[in-house]
Amino acid sequence: MQSNVNPSFRDAESTEDWERALISGNGRQGVLCYGSPARLSFTLAHEDLFQPVTEPLPAPLTAPALPRLRELLDADRFRDAARAVCDLAIQEHPGYEQTRWIDPLIGAGTLTFTPANPGDGYLRGTDFSTGVVRQEWAGVTVDAFVSRPADLLVIRVTGTDGTVGVEPIDGTPERPIHYTVDELGDDLVLTGRFEQPLWAGALPGWALAVRVRRTEEGVLIFARTVTGTPAPADALADLPSGDFDELLKEHAAEHGDLFGRVGLDLGGHRAQQLFDAGRYTIISSTGRRPPTLQGVWSGTYSPPWRSGWTIDGNLQAALLAVLPTGTPELMPPLFDLLDEQLDDFRENARRLYGVPGLFAPAHLGTHGRQNHFGPIWCLTFWTAGAAWLARLYLEHWQHTGDLDFLRERALPFLREAAEFHLHFATVAGGRARFSPSYSPENDPGGSGDQATADATLDVQAVGALLRGLLTVTEVLGITDPDALRWRSLLAALPPMRVNDAGELAEWVDPRFPDNHEHRHCSHFYPLYYGGDPEFDEDPALRAAAVRAVRARLRWWLSEASDEMGYGLALLGVAAAHLGLAEEAYAALTRISEAYWRPNLAPTHNRDHMFNVDLAGGLPALVAAMLLRSRDVSADGIARIDLLPALPAAWPTGSVRGLIARGPVTVDLTWSPDTVRAVLTSPADRTVHIGLPSGTIETVTLRANVPYRI
């Protein structure tokens, strides 16, 4: 019996390139499906399969040198300051003589199926609602999915018999891996063992177990990757098999619930398809861990940037649509990952700057130690990481209203993140300074030097953190002994600067000229989320932000840009927050045209490097064009704007299930003449609703009672 599989798209691309494969995953296991009727390949990966390559070291002990580093920065000796950190690190440990990377996420192996009946007419497609990848040709259908409840790759071949094999992924690992393949009847187990000696806590290896069952219709294949090095028989013993349709029914119920939380109709516009494709990718690559740079897929031993979690914008972009599209279950894996690395963050803060609190490095992997930096990429100077991550805790509360989470998980992290800045920031003459500083990954005026002081991101992120703490304690009814310190630093934060061109500057310190020809745009940080009160209260500052967005967008839309599409998505979200509909749409159009392959998986650069950041960034951009909400303060009032950046290209459409901060669920339908909205809150709530006409309507929502406009 054929299951009801309805591919969300189809194409005829047969390929041996894993980066152009169709994808399926349950967050813990991922599979890349590709090949041709001559031979199909299924390359598997596991969220914990990072090869031990680089032993983690303590962060360099630069705290005693902090006064000297600040003197160098004050004297405009920016590269000397960055170089001084490298010299100190090398003196302490020779391992810092070379750039140290996190360990790479590698593929577990490739399962192959060679059909007895190859043929013509190959087609392939993915059903986003079930996670099933279908490949078919004359008389043959091959369906594959990775079950969420069974944690299992399930493949059904109908219309042909064939040969099943398993082999290591192509390429050469950075350190040797010892492979064996054991055959136990029709079943197979590939075991990989990492080269010894290994350091404490390093993964010793893994096993990829494959169970094969012949049927009257064809072949059933079940596969799972397990970390560690179990005996082949043990790996197979833990491998369930069962009825394909029953396994799919159980999986589709879980996956389909997540995917179906939001429905978008733009009349068939390409953005509608990519919105679905992006959400499918993030859902499929979020398990016990959040998505890495490559989600939960890898067909290589050396993925770009090691495919860990990069938190100076990449991971934030990947997760940016999770809450607005109603899937809050996908956020706790991030918080769990951070919990496991808190001790490293604390040690980073102590060793780098001699202060308590948290220092989160830009690259996270199997550890959270600040090991990756250099004389140009001076990442020990990026102190805003934990403050930016703190914003995600606040976002989760704003979109769920979960007070237990706020009290038990968010508040402790926020407090420690703030503690770092309370000690690190210097205050003189009533003005706080952040030195050293770093605005990812830009160099002022294209100078080549990334070491700076007083990046605008530092002021914005720390300000948002401190305001968030004050709100949280008020909401929870807590009198916190540190509140006076929070208020004092908040009052000392310098105002954001407007440069000579009338643009929001990327550095508060006027020594640093802007560089708009750059993939990052960290000084728009508040506009990715609920905004900043200063932009609402100061028309001149808002106008400066508009000019800066347009200046950065001009570069992105030129032929000079070919980098990091997620940065363009963040820029588009900022434009949408500012109500710049056509600018947001221009960003969306460039992303849609240049950064998505026929397999509907996004790339990092234009048609280059499999990468999932845009899988979160594009849906977030679409959502931001349709709905804007401000942070809810202790008064509980929600502030929601309908269709804040609706482009002319979408004269009619509808969306259901978007979540505004509050939380409030919003369904929208619009045409050139009308806008209809349904708002539902889980609690009694006052809402100020900004209508497309520019008027504001104040309504009172009753718990779980839909309110229609």
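The values are calculated or read from the model by the stated rules, or taken from the named source; none is laboratory data. Quick caveat: nothing in here was measured; it's all calculated off a predicted structure. Using ideal geometry, Cβ is built from the backbone for each residue, glycine included, and neighbour counts are taken over all protein chains shown. For accessibility, only protein heavy atoms count, side chains too; no ligands or nucleic acids. Shrake-Rupley method; radii C 1.70, N 1.55, O 1.52, S 1.80 Å.
Of the peptides 284-296, 370-382, the order by per-residue mean of other Cβ atoms within 10 Å, starting with the highest, comes out as 284-296, 370-382. When the surface is traced with a 1.4 Å probe over the full set of protein chains, ASP673 keeps roughly 140 Å² accessible.
The listed peptides 465-478, 599-612, 64-77, ordered by packing as a protection proxy, come out as 599-612, 465-478, 64-77 (highest mean of other Cβ atoms within 10 Å first).
Each Cα pair under 8 Å and six or more residues apart adds its separation to the average, and for the chain the resulting relative contact order is 13 percent.
Ranked from largest to smallest solvent-accessible area, with a 1.4 Å probe on the protein heavy atoms, ARG214, ARG306 come out as ARG214, ARG306. Each DSSP beta bridge with both residues in the chain is either parallel or antiparallel, and the antiparallel ones are about 95%.
3J(HN,Hα) along region 668-683: 10, 9, 9, 9, x, 9, 9, 10, 10, 9, 10, 10, 9, 10, x, 9 Hz, from the Karplus curve 6.51 cos²θ - 1.76 cosθ + 1.60 with θ = phi - 60°, whole Hz, x for Gly and Pro.
The residues of region 352-420 have, on average, 24 Å² of accessible surface per residue, using a 1.4 Å probe with all protein chains present. According to a simple spin-label model (label point 7 Å from Cα along Cα-to-Cβ), what is the distance in nm between GLU593 and ASP238? Computed distance between label sites ASP238 and GLU593 equals 5.0 nm. Taking a quarter of the surface of the Cα convex hull of region 473-516 gives a mean projected area of 4.9 nm².
Shape of region 546-617 from the C-alpha gyration tensor: prolate (a/c of 1.5 or more and a/b above b/c, with a ≥ b ≥ c the square roots of its eigenvalues). For region 423-462, averaging the sequence separation of C-alpha pairs within contact (under 8 Å, six or more residues apart) and dividing by the residue count gives a relative contact order of 35 percent. For the chain, the share of accessible area belonging to carbon and sulfur comes to 49 percent (1.4 Å probe, ligands and nucleic acids excluded).
In a simple Cβ point-charge model (Lys, Arg +1; Asp, Glu -1; nothing else charged), region 362-489 has a dipole of about 220 debye relative to its Cα centre.
Directionally averaged projected area (region 82-177, Cα convex hull): 11.3 nm². Summing +1 for each Lys or Arg and -1 for each Asp or Glu, what net charge is found among the other residues whose Cβ lies under 14 Å from the Cβ of PHE424? The answer is +2. Each residue of region 183-195 is assigned a 3J(HN,Hα), and the resulting list reads 9, 10, x, 7, 7, 9, 9, 9, 10, x, 10, 7, 4 Hz, derived from the Karplus form 6.51 cos²θ - 1.76 cosθ + 1.60 (θ = phi - 60°), x at Gly and Pro.
With a length cut of 15 Å (Cα positions projected on each helix's long axis) and a Kyte-Doolittle mean of at least -1.0, go through the chain and give me the DSSP H helices that pass. Span-like helices, by this rule, are 78-92, 244-259, 270-284, 332-353, 385-400, 411-424, 456-476, 539-556, 565-577, 581-594, 613-626. Ranking TYR34, LEU621, THR172 by Cα position along the charge dipole of the chain, where only Lys, Arg, Asp and Glu carry charges on their C-beta atoms, puts LEU621 farthest toward the positive end.
For region 1-152, the per residue solvent-accessible surface stands at 36 Å², with DNA, RNA and ligands left out and a 1.4 Å probe. Taking the Cβ of GLN51 as the centre, find all other residues whose Cβ is under 10 Å away and add up their charges (Lys, Arg: +1; Asp, Glu: -1). Result for the local shell: -1. Put a dot 7 Å past the Cα of GLU329, heading toward its Cβ, do the same for THR180, and the two dots end up 3.9 nm apart.
Helical runs (DSSP H, four residues minimum) scored at -39500 (n - 2.57) apiece and divided by the length of the chain put the mean residue ellipticity at 222 nm at -9500 deg cm²/dmol.
Under a model in which nothing but the beta-carbon of Lys, Arg (+1) and Asp, Glu (-1) is charged, the chain shows a dipole of about 1220 debye around its Cα centre.
Computed 3J(HN,Hα) for region 362-378, one whole-Hz value per residue from the Karplus formula 6.51 cos²θ - 1.76 cosθ + 1.60 where θ = phi - 60°, is 5, 10, 10, x, 6, 8, x, 7, 7, 10, 9, 6, x, x, 9, 7, 7, glycine and proline marked x.
Packing-based ranking of 532-539, 151-158, 455-462 yields 455-462, 151-158, 532-539, ordered from highest to lowest mean Cβ neighbour count within 10 Å.
Think of a 1.4 Å ball rolled over the protein heavy atoms: region 536-586 then has 36 Å² of accessible area per residue. Taking every alpha-carbon pair under 8 Å whose residues sit at least 6 apart, region 338-400 reaches a relative contact order of 26 percent.
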